[in-house]
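Asker: Okay, here's the structure, questions in a sec.
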Amino acid sequence: MPPSLAVTARRLARWPLVHWMDRRLGFPDRGGEPDIGFLADDSRHFELFASWLHAQWSAPRGESLGQRRRMLRAQMNLDRLPIALVAYWQGSPAGIVSLRADDLHSRPDLTPWLSALYVDPALRGRGIGRALVRATLDLAAWMGYPRVFLFTTDRQSLYAELGWNLLPRLPGEAKLSPPPDVFSAATR
């Protein structure tokens with residue numbers, strides 16, 4: 001179902017950095033920058049994105065590809081959480097990230113969360129992940145959130161380099177294996 005005129009107008013007026021609709025049939029090279037948009041606007045590569053996320057996070061936890069597909073379908077929103085953003089590099093699917101209301105059971109008071117950032121291994125090192133993080137912060141700001149949170153067990157240096165602040169670990173989190181590090185960042 002196409003987005004309503006009101007949603008389309010809000011995106012154009014308040015979040016112009018997202019490229020959508022006119023780019024559905026092909027994404028031109030934008031001078032070394034990935035093209036980022038909403039999964040809801042262009043789901044041609046839904047199965048690829050679902051398989052990436054399943055292999056990275058769902059399969060190790062014993063979840064099925066069908067479960068991951070349902071989770072990803074629930075993120076095909078334009079103006080309410082959860083929302084998935086996708087990146088294309090020179091017309092090819094390059095990465096995906098989600099903005100969700102919650103992501104860590106030990107922190108139900110924090111919202112929203114940058115979650116499931118994934119970049120195709122063949123395209124890493126080109127700034128695609130960084131662009132997806134920036135777009136997620138911009139989206140959160142557009143939605144009225146002053147801060148965004150995330151947790152990681154293995155990419156602490158990336159988020160610290162991007163200016164995210166490490167939050168103190170809660171006592172229960174230290175018992176998890178591996179223990180998560182929770183970060184926050186102000187939106188723009």
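Asker: I need every pair where a residue in segment 57-69 that is under 22 Å from SER177 (Cβ atoms) has its Cβ under 8 Å from the Cβ of a residue that is among the hydroxyl-bearing types (Ser, Thr, Tyr) and surrounded by 11 or more Cβ atoms within 10 Å (Cβ to Cβ), sequence separation at least 6 or different chains.
Answerer: Within 8 Å, the pairs are SER58/SER64.
Asker: Hey, among the residues in segment 143-153 that are of a type outside the set (S, T, N, Q), surrounded by fewer than 19 Cβ atoms within 10 Å (Cβ to Cβ) and in contact (Cβ under 8 Å) with a residue 24 or more places away in the chain, which one's nearest to PRO93 (Cα to Cα)?
Answerer: MET143
Asker: If you go through segment 78-98 one residue at a time, do you hit one that is at pLDDT 95 or above and surrounded by fewer than 17 Cβ atoms within 10 Å (Cβ to Cβ)?
Answerer: no
Asker: Let me ask something additional. In the list ALA50, ALA87, which residue meets the criterion of being of a type in the set (A, V, I, L, M), closer than 16 Å to ASP120 by Cα, out of contact with any Phe, Trp or Tyr (no Cβ under 9 Å at 6 or more places or on another chain) and in a strand (DSSP E or B)?
Answerer: ALA87
Asker: Can you pull out the residues in segment 22-36 that are in a loop (DSSP other than H, G, I, E, B) and at pLDDT 50 or above?
Answerer: Once the filter is applied, which keeps residues that are in a loop (DSSP other than H, G, I, E, B) and at pLDDT 50 or above, segment 22-36 yields ARG30, GLY31, GLY32, GLU33, PRO34.
Asker: Can you tell me which of (1) in contact with a Phe, Trp or Tyr (Cβ under 9 Å, 6 or more places away or on another chain); (2) loosely packed, with under 15 Cβ neighbours inside 10 Å; (3) of a type outside the set (Ser, Thr, Tyr) is the one GLN67 doesn't meet?
Answerer: So the condition that GLN67 fails would be (1).
Asker: For segment 37-58, how many residues are exposed (fewer than 15 other Cβ atoms within 10 Å of the Cβ) and modelled with pLDDT under 95?
Answerer: Of the residues in that region, 1 qualify.
Here is a yes/no grid of residues against (1) over 20 Å from PRO108 (Cβ atoms); (2) of a type in the set (A, V, I, L, M):
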site: ALA122; (1), (2): yes, yes
site: LEU132; (1), (2): yes, yes
site: LEU137; (1), (2): yes, yes
site: ARG147; (1), (2): no, no
site: THR152; (1), (2): no, no
site: ARG155; (1), (2): yes, no
site: GLY163; (1), (2): yes, no
site: LEU176; (1), (2): no, yes
site: ALA185; (1), (2): no, yes
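Asker: Which residues, counting only those in segment 118-129, are of a type in the set (D, E, K, R) and either surrounded by 15 or more Cβ atoms within 10 Å (Cβ to Cβ) or in contact with a Phe, Trp or Tyr (Cβ under 6 Å, 6 or more places away or on another chain) (or both)?
Answerer: ASP120, ARG126, listed by residue number.
Asker: Could you figure out which of (1) hydrophobic (A, V, I, L, M, F, W, C); (2) within 22 Å of LEU137 (Cβ to Cβ); (3) outside any loop (DSSP other than H, G, I, E, B); (4) modelled with pLDDT of 95 or more isn't true of LEU110?
Answerer: (3)
The values are calculated or read from the model by the stated rules, or taken from the named source; none is laboratory data. Worth saying up front: this structure is predicted, and the values here are computed from it rather than measured. Cβ: placed from backbone, ideal geometry, glycine included. Neighbour counts: every protein chain shown.
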